[in-house]
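K.L.:
The structure is given below, and queries will be raised subsequently.
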Amino acid sequence: MRSVEEQTYWTKRYKNQQTGWNIGYPSTPIKEYIDQLTNKEISILIPGAGNAYEAEYLWKKGFKNVTVMDISEIPLMDFQKRNPEFPKSQLLLEDFFQHKTQYDLIFEQTFFCSFIPTDDNRNVYAEQMAKLLKPNKKLVGVWFDIPLTGNMEKRPFGGDKKLYLSYLEPFFETITYERCYNSIPPRMGNELFGIFKKR
């Protein structure tokens, strides 16, 4: 995975406002999961966070140990403008695959579906997610349940439950992984919600 190429690609998408995934608020499946969290001291990472409305929601609910990561500076700058009190040290312009710190919880907001879907990329993703979690901690989030085509420019890329699990199961115990019942209307039937515990 070439981070410079990825950075160029995503920065261009943001500059051209080709951000069809931007709904302007936290996605319902993740928001409702956040709403049942009680320990506000946990360390949380949101990689490939984009506009990071989920991080904004967490912050306003009193979760202060939230780290936002993206490979493009544009969404991080926009996030800082919306949330000037959010610590700059917790906004990381960084390649997820080079990151080292461990966390209690990682939120996946279709980040998996953003990079070119080779076996190598997807295996490295799953392995890196596990490395960034403390023992027995959780990866929680949303994956697109849409056909994986051969079009290498039509991002986000898709997949299905069986395919995703083939990458995740070597590193994670599946707590739940089902079709979202609470997707926003335009995505209803096209999202999977998962909770995974590091093995």
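K.L.:
Kindly establish whether Y103 is within 23 Å of P29 (Cβ to Cβ), touching a strand residue (DSSP E or B) at 6+ places or on another chain (Cβ under 9 Å) and among the hydroxyl-bearing types (S, T, Y). Quick ask: steps written out before the conclusion?
P.N.:
Details: within 23 Å of P29 (Cβ to Cβ): yes; touching a strand residue (DSSP E or B) at 6+ places or on another chain (Cβ under 9 Å): yes; among the hydroxyl-bearing types (S, T, Y): yes.
Against the criterion (within 23 Å of P29 (Cβ to Cβ), touching a strand residue (DSSP E or B) at 6+ places or on another chain (Cβ under 9 Å) and among the hydroxyl-bearing types (S, T, Y)), Y103 qualifies.
K.L.:
Also, I was wondering about something else. Please state which of the following conditions T19 fails to meet, knowing it meets all the rest: (1) farther than 24 Å from C180 by Cβ; (2) modelled with pLDDT under 85.
P.N.:
Failing condition for T19: (1).
K.L.:
Of all residues in region 119-156, how many are touching a residue at least 40 places away in the same chain (Cβ under 8 Å), among the β-branched types (V, I, T) and closer than 24 Å to R179 by Cα?
P.N.:
3
K.L.:
Which one of the conditions (1) over 22 Å from E56 (Cβ atoms); (2) in contact with a Lys or Arg (Cβ under 8 Å, 6 or more places away or on another chain) does C113 fail to meet, given that it meets all the rest?
P.N.:
(1)
K.L.:
So L133 clears everything in (1) in contact with a helix residue (DSSP H, G or I) (Cβ under 9 Å, 6 or more places away or on another chain); (2) buried (at least 20 other Cβ atoms within 10 Å of the Cβ) except one condition, right? Which one?
P.N.:
All conditions pass for L133, except number (1).
K.L.:
May I pose another question? For region 142-162, enumerate the residues that are over 16 Å from the mean Cα position of the chain (by Cα) and surrounded by 14 or more Cβ atoms within 10 Å (Cβ to Cβ). If you could, list the steps in order and put the result at the bottom.
P.N.:
We begin by selecting, within region 142-162, every residue over 16 Å from the mean Cα position of the chain (by Cα); these are 146-154, 160-162.
Across region 142-162, the qualifying residues are I146, D160, K161.
K.L.:
Which of (1) modelled with pLDDT under 95; (2) part of a helix (DSSP H, G or I) is the odd one out, the single condition E32 does not satisfy?
P.N.:
It is condition (1) that E32 fails.
K.L.:
Considering F172, F193, which residue is buried (at least 21 other Cβ atoms within 10 Å of the Cβ), under 18 Å from Y33 (Cβ atoms) and touching a Cys at 6+ places or on another chain (Cβ under 6 Å)?
P.N.:
The conditions single out F193.
K.L.:
Looking at region 158-199 only, could you name the residues that are of a type outside the set (A, V, I, L, M, F, W, C) and assigned to a strand (DSSP E or B)?
P.N.:
Going through region 158-199, the residues of a type outside the set (A, V, I, L, M, F, W, C) turn out to be 158-162, 164, 166-167, 169-170, 173-174, 176-179, 181-183, 185-187, 189-191, 194, 197-199.
Passing the criteria: G159, E173, T174, T176, Y177, E178, R179, E191, G194, K197, K198.
The values are calculated or read from the model by the stated rules, or taken from the named source; none is laboratory data. Please read these numbers as outputs of a predicted model, since none were measured by experiment. Backbone-built Cβ (ideal geometry, glycine too); neighbour counts: all protein chains shown.
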